[in-house]
Amino acid sequence: MFIDSEKQLRIIGTQINYYFICKTKLWLFSHHIQMEQESDLVSLGKLLHSKSYKDEKEYTIDNLISVDFIKKQDCLELHEVKKSSKMEKAHEYQLLYYMYYLKEKKGIKNIKGIINYPKMRKKVMIDLNESKEKELNTIIGDIDNLINSDIPKSERTKICRKCAYFEFCWV
């Protein structure tokens, strides 16, 4: 069952991704403090996508989800392109959210998710099931609560140094 409140309809895939990476980053991004456009790593990721899948078109649906590319086979295949598998859980749940959204909001039932790691020549298949849907409902509620609270205290991790928000949190 899809959580259908006005606040939770604003959740986008990036927020799901950031939920697993850093709660401070999620809060800042959700409050329109966005620093990724100046990040060299983000630029490299976009370049990798455009070079590896130059014939594929990105799709934005309802201004909430942006799928790197879609293929129509025996089912609808949603593809996400990522530079590295270091944040694989964040990537997985971002794609699961896209699949969940399309199932609940658009009535599309036959969906497969694929995370493409072109530098590693690796593909990861993602399946949406009932337990993942329940987890997503919890995550969506957690995100809504987090962004409607005060900014969370930053927690230093090994990925902080490469984060676009590093100076905001640690300088």
Two pseudo-spin positions, 7 Å from Cα along C-beta at N145 and at W170, lie apart in nanometres by 2.8 nm
HN-Hα couplings for segment 57-70 via Karplus (6.51, -1.76, 1.60; θ = phi - 60°), in whole Hz with x for Gly/Pro, come out as 10, 6, 10, 10, 10, 6, 6, 10, 10, 10, 9, 4, 6, 10
With 0.36 nm assigned to each residue of separation and the Cα-Cα distance removed, D127 to M87 gains 12.6 nm
Label points 7 Å out from Cα along the Cβ direction at K105 and S66: separation in nm?
1.5 nm
Protection proxy ranking, peptides 92-99, 118-125, 105-112, 60-67, average beta carbon neighbours within 10 Å, highest first:
92-99, 60-67, 105-112, 118-125
Segment 8-170: projected area of the alpha-carbon convex hull, averaged over directions, in nm²:
9.7 nm²
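Bear in mind these aren't lab numbers, they're just calculated from the coordinates by the rules spelled out. Remember, it's a predicted structure, so these values are computed and weren't measured experimentally. Quick reminder, even Gly has a Cβ in these numbers, built from the backbone with ideal geometry, and neighbours come from all protein chains shown.
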